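Following: one structure in structure tokens, then a few remarks.
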Amino acid sequence: MKVAKLYIYMLISALMINGCVTPFEPEGYDQLENLLVIEGDISTNEQTEIIVSRSLKLNDISKRNYIKGAVVWVESELGVKYPASQVTTGTDVKYVANTIGLDVSKKYKLCVTTPDGKAYESDLVSVIISPDIDSIEFVSDTTNKRVTFYVNTHDGSNKTHYYKWSYTEDWEFTSHLYSSFEYNPITMQITEIPSYQKNRYYCWNKDVSKKIIATSTTHLSSDRVYRMPLVSMESLDLRISALYSIEVKQRALSREGFQYWETLRKNSDQVGGIFSPQPSEMKGNIKCITDSEETVLGFISAGYVTKKRFFASKEEIGIYYNPHVCETLIPESFTPPVAWSTMFDTGYDIVSNSPSVRESVWAPVACVDCRIFGTKNKPSFWPNDHI
Amino acid sequence: MPSLVRAQQIERIVANKIHIDSLVILSNRNFGLKIYYQENTNIDSLKLSISSTKTSFPGDLENVLRPEGFSVTLLGDNIFILQGKGIVKDFPEGYFERSNYKLNESLDLSKSSLSEGVAKSENKIYKIGDPNAPKKTGRAILSGYVKDLGTGEPLIGVAVFIENPNTSATTDAYGFYRIPLPKGEQNLILKGYGLEDAKLMLDVYGDGQLDIALKEKIYSLKSVVLSAESTHNLRSTQMGLEKVRIDRIKHVPAAFGEADVMKIVLTLPGVKTVGEASGGFNVRGGATDQNLILFNEGTIYNPTHLFGLFSAFNADIVNDIELYKSTIPARYGGRISSVLEINSRDGNSKKITGSAGIGLLTGKFHLEGPIIKNKTNFIIGARTTYSDWILGMLPENSGYKNGTAAFHDITAGISHKIDSKNTLYLNAYYSKDGFKFNTDTSYYYQNLNASLKWRSLINEHHNLVISAGYDHYNYKTSDVGNAVNAYSMNFAIKQIFLKANFNWLINEKHSINYGLNSVFYQLNPGSLIPIGEESLVIPKILTAERATESALYLSDNWSITDKFSLDLGLRYSYYTALGEKTYYKYFPGEPRSELSITDTVTVGAGKFIKPYHGPEFRISARYAFNNDLSFKIGYNSMRQNIHMLSNTTAISPTDTWKLSDANIVPQSGWQTAFGLYGNAFGQRIELSLEGYYKEMHNYLDYKSGAILNMNEHIERDVVETNGRAYGIEFMVKKPLGKLNGWMAYTYSKTMLKQTVKDEGALINKGDWYPASYDKPHDLKIIANYKFTQRFSVSLNVDYSTGRPVTIPLSKYYYGNGYRLFYSDRNAYRIPDYFRMDFAINIEPSHNLKLLTHSTITLGVYNLTGRKNAYSIYYDTNSGTKIQGYKLSIFGAPIPYITYNIKF
């Protein structure tokens, strides 16, 4: 049914050949900021990471307005406290509590006291144990040049019903042209890269899931999730140009938790269309104890999470295609010869150099230096010996 | 009008080469002698010259006519012209009594001498009743049908009246009228939109029948200024009734050039929609499901094609539409906001005709004509689309390139005249929309209606209409993309109805309308069925809901004086959901959930679950200050037992319906309204001002996060809401003339408020909030200018305040993405709406004698290309700054061309 509505939206969009979307800034109303947001789930087999922040105006360019110096702890129904300590990485601030090995038969809540003295706490929530991920797989659609990665899972005891996934993805890729030289814009000299370790050919990058991926199996005769789509890529996608890896984290939810995430998803993904539902009010399970009128955003769940990692190579996926517009130029062949610095400033980088014949070959930097699209930080678990 | 008629009080007739019908008038006016003649003779073609006084006239006439083979007989003040031998003048004493011969029958005789017994001549005197009746005093009742002279189709909404004393009637959906008249000589006037006015001379002796044929206006005459609508507006107690005839609809520019029966409704004052391309409409603050849409008596649940782009009615079949916004007649019930009645035509009773047309998206065809001449007529029309090319225009890799979208609709009607008093009508309607976007997902919905109607004149004062029928609406979606989740979902509403309606004209003061309505509903709220062997979808069929709704009604139109009249209506309706059903009882006052269940009740098959019943009042009054100004006031209350559940702004094809049951209370509403109606500039311009205040109770709104499809405990996901609406509507209308059309301005407010306390989830904390179709200022102009009869231009202007929307007030980063914190429901408004459309209508062949007539329409929808906001939304995936966007549906001028051919 959701799918049907999406298709309807697509048809209407198609019908409205003249229909259009234009940027729009509503005026004449006050935006809100500084609503407290508490994010994070209590895990019994991982450290619990909690982020406390405040909401921002829509056009604010920052991502989060972190709250530092809050007192955060997980508390069991028996009143046992598991304190979290503040961990600051660059501008990011999170609170980490060691909750590994908590008794899964007890209920827990999350408590936060902000530096301004306000106290917040979540409802007491049960620990929900996620079943193992059965498999991760992909399907390549060679007609439409598209690959989609899926997760499969099931619960033999038919108890879980509500699932949510998140993933981190890592991928290796190469620049189109191998260059063992580099241009130093300060000395304006071309030098050979001293060590293969510093090659600009092999690079890696990583990302995390941004969409909310959740489903329920209450309408099925057995508690089984088959091919829940995680991520989809087209043939030009650099992620599938060499070796791609995805680690999926699966969390089981309560019915309330699922409803919260589902509403959040609908409010984020399904807005603005002709048949889109109107945005719904979000009701989390966190409240301010010192001021019951205050709006607090977030929903705290507790659970035992399961994870699975999956690799797929370019050859296995089989749809990657890149025409690589990598025109090479020899500046010395021009009359008068083009200066190297000019080449560099116009976005070219050195591919090869033959000082003996006073000839250097240049190509657009994106063809030469893989660091344009990633880093040299190779993940520790990477299964090949590329450096 | 021929000037001959004006020649009065002359003692002598001097006529040179005039036709017999002119002579009839002269004779009547000058000498008081009435001439009767047989029309099927060649007397029509004779040109008569005569010069005589009253006493010598019969003899002179005989001298003129005898050579042509006619006889002239004088009987009292009557002259009979017959072919061949004259009438035997001297009957034996008591002859009439013994033979039961009545002159009434001689009227029939004279009528049968007219073509098909239908009065059409302004120059004849029609005798009504028994001329042998002793005295010409008191009142008599005249009834009959008004038909189109060319096609024989009944004419609806024609004003039939006399001026002194002021008495009027309007023809109903069958072209039937009934009017009380003082005995004696009367001038009966008939006026109808697009018709030539007619004035018939009557000599009323007693009750009688007269069928009248009117000519369609051919645009060479330039006389009439009154329209049926204006006359009706001033004379009846009816308020808030909008009538639009199909020729008007066909001239209004529309998206893709499709003459649209439903979209015209949106141009009327007090009618709003949330946006273009949305199927529903809101009348005076009512919700979209509070409109009863009747097509030839059948209830239509989804009156649109292509998700609301077009209406599902073929404009070639439709005769007219009527929208009741207030003072809804007692014979209608079941919805609390309005009644939209769409009537199809009966079909040409004289010859087979038809039409065909092509537009950008659709092709259509219709055929009509007699099966048995003057007895049985048929009309059939079909429409289909070839809109696949639009999907074909999608980008190669969109995945929808191989999609298909199709719709069609078929309308068919047969009317059969059993005898002069009984007519049977059989109507059928079918529409289907189907979509397949790729090989995996398909979707369709369909309407099916069939009805049989019997209309009978019990006697001259009393007639009845009995109809019975079956209405059906269902939709189905299926998705086989994922083998484990492959499913199909079905939803259906079926209803069987019986309606009996009686009209009884007791005397000139009281006209009674009474009857019975009964509906049996069966609603299948959903069935989920797995597709394929791998599918794990649990087959789930929600228990069918059944209910009956019956109502008795009585209303009296009471003319207290010429100036003051009342309409008193009462309807009593009784509704109950029927078993077999198991339902939960919840703790009163608590939010309904698993936790608040107090009891489980099972009701056996056919048993009443919970009856709801009550009276509905339909009262209105009219005071006419003079012929050009009247004031009306009214109150009506309504009940509604079926609810549409939707969490989208526009009507969506997957919206579900729910019958009232033990947990869902029927909706109720009342409205009070006043109106001031006037004519100006010699009745060329009609002005009206109407105001209303309305309340709605137990309207169902959804809770945040509600699941509305396949939900067996839907009462837990909806909240009861009250609504109130008020507004004022001002309209200027020029129905006829070179420049014709209307302009309407409305100011209105519609507010909703959640009534039941539900912890934490109270919409807007239980305060009043504007409905999503609350658009206070609203200006609409529909104009048509006829340069010549072959060439006219049309212009639409539509302006309104932007509708309320819920917008984000704050952003936060959560679950690896930006999320939005939304305002109170409907706290902000999208920008104002403005649109102008323009069309040129060309009718190259306007000669009546041509076999085919074609029309070409060229137009531009949204002439100014204004990018009206349909909705605004925020993209949370584009970066740290959350950008707002507005979606415009028709964001540029859309040119179109259509070609229609009539034969």
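The values are calculated or read from the model by the stated rules, or taken from the named source; none is laboratory data. Since the model is a prediction, treat every value here as computed from it, not as a measurement. Quick reminder, even Gly has a Cβ in these numbers, built from the backbone with ideal geometry, and neighbours come from all protein chains shown.
If the requirement is being crowded, with 17+ Cβ neighbours inside 10 Å, under 30 Å from A:Phe24 (Cα atoms) and modelled with pLDDT of 90 or more, which of these qualifies: A:Ser140, A:Ser53, A:Ser122, A:Ser130? Of the residues listed, the single one that is crowded, with 17+ Cβ neighbours inside 10 Å, under 30 Å from A:Phe24 (Cα atoms) and modelled with pLDDT of 90 or more is A:Ser53. A single member of A:Val351, A:Val338 is crowded, with 16+ Cβ neighbours inside 10 Å, outside any strand (DSSP E or B), at negative phi and more than 24 Å from the chain's Cα centre (by Cα), and it is A:Val338. Set side by side, the residues B:Ile541, B:Ile529 differ, and just one is within 14 Å of chain A (Cβ to nearest Cβ) and free of Cβ contacts under 8 Å to residues at least 24 places away in the same chain, which is B:Ile541. The residues of segment A:92-117 that are of a type outside the set (Lys, Arg) and under 17 Å from A:Val37 (Cα atoms), listed by number, are A:Asp92, A:Val93, A:Tyr95, A:Val96, A:Leu110, A:Cys111, A:Val112, A:Thr113, A:Thr114, A:Pro115, A:Asp116, A:Gly117. Annotation: of all residues in segment B:483-525 being of a type outside the set (A, V, I, L, M), surrounded by fewer than 19 Cβ atoms within 10 Å (Cβ to Cβ) and within 14 Å of chain A (Cβ to nearest Cβ), the one that is nearest to B:Tyr572 (Cα to Cα) is B:Asn490. Does B:Tyr635 qualify as being crowded, with 21+ Cβ neighbours inside 10 Å and either within 28 Å of B:Tyr773 (Cα to Cα) or modelled with pLDDT under 90 (or both)? Answer is no for this residue.
Listed here are the residues, each with its yes/no results for (1) on the phi < 0 side of the Ramachandran plot; (2) surrounded by fewer than 24 Cβ atoms within 10 Å (Cβ to Cβ); (3) under 12 Å from the mean Cα position of the chain (by Cα).
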site: B:Leu294; (1), (2), (3): yes, yes, yes
site: B:Tyr301; (1), (2), (3): yes, yes, no
site: B:Glu322; (1), (2), (3): yes, yes, yes
site: B:Thr327; (1), (2), (3): no, no, no
site: B:Ala330; (1), (2), (3): yes, no, no
site: B:Ile336; (1), (2), (3): yes, no, no
site: B:Leu340; (1), (2), (3): yes, no, yes
site: B:Asn343; (1), (2), (3): yes, yes, yes
site: B:Lys350; (1), (2), (3): yes, yes, no
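Residues satisfying the criterion are absent from segment A:318-327 (criterion: at pLDDT 90 or above, under 22 Å from B:Tyr812 (Cβ atoms) and within 14 Å of chain B (Cβ to nearest Cβ)).
Quick one: which of B:Phe176, B:Phe161 is among the aromatic types (Phe, Trp, Tyr), in contact with a strand residue (DSSP E or B) (Cβ under 6 Å, 6 or more places away or on another chain) and closer than 22 Å to B:Arg455 by Cβ?
Only one candidate passes the filter, namely B:Phe176.
In summary, strands (runs of 3 or more DSSP E) completely within segment B:786-903 and bearing 3 or more residues that are more than 10 Å from chain A (Cβ to nearest Cβ), farther than 22 Å from A:Thr263 by Cβ and touching a residue at least 60 places away in the same chain (Cβ under 8 Å) occur at B:791-800, B:833-842, B:853-861, B:894-902. Screening A:Ser280 on (1) at pLDDT 95 or above; (2) more than 28 Å from A:Val104 (Cα to Cα) shows it passes everything except condition (1). Among residues of segment A:47-58 that are in the same structural domain as A:Val93 (by TED's automatic domain parsing), those with a Cβ under 6 angstrom from a residue that is acidic (Asp, Glu) and in a strand (DSSP E or B), sequence gap 6+ or separate chain, pair up as A:Ile51/A:Glu39.
Please go through segment B:762-785 and pick out each residue that is hydroxyl-bearing (Ser, Thr, Tyr) and crowded, with 21+ Cβ neighbours inside 10 Å. Once the filter is applied, which keeps residues that are hydroxyl-bearing (Ser, Thr, Tyr) and crowded, with 21+ Cβ neighbours inside 10 Å, segment B:762-785 yields B:Tyr769, B:Ser772, B:Tyr773.
Let's see how each residue does on (1) in a helix (DSSP H, G or I); (2) modelled with pLDDT of 75 or more; (3) basic (Lys, Arg); (4) buried (at least 18 other Cβ atoms within 10 Å of the Cβ):
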residue: B:Val24; (1), (2), (3), (4): yes, yes, no, yes
residue: B:Ile50; (1), (2), (3), (4): no, yes, no, yes
residue: B:Glu62; (1), (2), (3), (4): yes, yes, no, no
residue: B:Thr73; (1), (2), (3), (4): no, yes, no, no
residue: B:Ile79; (1), (2), (3), (4): no, yes, no, yes
residue: B:Lys89; (1), (2), (3), (4): no, no, yes, no
residue: B:Tyr101; (1), (2), (3), (4): no, no, no, no
residue: B:Glu116; (1), (2), (3), (4): yes, no, no, no
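Identify all residues within segment B:352-388 that are within 21 Å of B:Tyr174 (Cα to Cα), surrounded by 21 or more Cβ atoms within 10 Å (Cβ to Cβ) and of a type in the set (D, E, K, R); write none if there are none. Hit for segment B:352-388 is B:Glu368, nothing else. Selection of segment B:339-362 for residues being assigned to a strand (DSSP E or B) and under 29 Å from B:Asn291 (Cα atoms) yields B:Val339, B:Leu340, B:Glu341, B:Ile342, B:Asn343, B:Ser344, B:Thr362. Can you confirm whether segment B:703-710 contains a residue that is surrounded by fewer than 17 Cβ atoms within 10 Å (Cβ to Cβ) and either among the basic types (Lys, Arg) or in the same structural domain as B:Met638 (by TED's automatic domain parsing) (or both)? Within segment B:703-710 (the criterion being surrounded by fewer than 17 Cβ atoms within 10 Å (Cβ to Cβ) and either among the basic types (Lys, Arg) or in the same structural domain as B:Met638 (by TED's automatic domain parsing) (or both)), the answer is yes, since at least one residue qualifies. Taking the criterion of being part of a loop (DSSP other than H, G, I, E, B), touching a strand residue (DSSP E or B) at 6+ places or on another chain (Cβ under 7 Å) and within 14 Å of chain B (Cβ to nearest Cβ), the residues of segment A:58-78 that qualify are A:Leu58, A:Ser62, A:Lys63, A:Arg64, A:Ile67.
Test of understanding: among A:Tyr244, A:Tyr226, A:Tyr201, which residue is within 13 Å of chain B (Cβ to nearest Cβ), surrounded by 18 or more Cβ atoms within 10 Å (Cβ to Cβ), among the aromatic types (Phe, Trp, Tyr) and closer than 26 Å to A:Glu315 by Cα?
Within the list A:Tyr244, A:Tyr226, A:Tyr201, the selection yields A:Tyr226.
Any residue at all in segment B:560-574 that is out of contact with any Phe, Trp or Tyr (no Cβ under 7 Å at 6 or more places or on another chain), under 21 Å from B:Glu545 (Cα atoms) and crowded, with 19+ Cβ neighbours inside 10 Å? There is at least one residue in segment B:560-574 that is out of contact with any Phe, Trp or Tyr (no Cβ under 7 Å at 6 or more places or on another chain), under 21 Å from B:Glu545 (Cα atoms) and crowded, with 19+ Cβ neighbours inside 10 Å.
Which of the residues spanning segment A:181-196 are within 34 Å of the chain's Cα centre (by Cα) and free of Cβ contacts under 8 Å to residues at least 60 places away in the same chain? Passing the criteria: A:Ile193, A:Ser195. Each residue in segment B:439-470 was checked for being in a loop (DSSP other than H, G, I, E, B) and surrounded by fewer than 16 Cβ atoms within 10 Å (Cβ to Cβ), and 2 of them qualify. Scanning segment B:677-721 for residues that are in a loop (DSSP other than H, G, I, E, B), in contact (Cβ under 8 Å) with a residue 40 or more places away in the chain and among the small types (Gly, Ala, Ser) turns up B:Gly682, B:Ser704, B:Ala706.
Within segment B:655-663, is there a residue that is closer than 30 Å to B:Gln522 by Cβ and within 14 Å of chain A (Cβ to nearest Cβ)? Yes, because at least one residue in segment B:655-663 is closer than 30 Å to B:Gln522 by Cβ and within 14 Å of chain A (Cβ to nearest Cβ).
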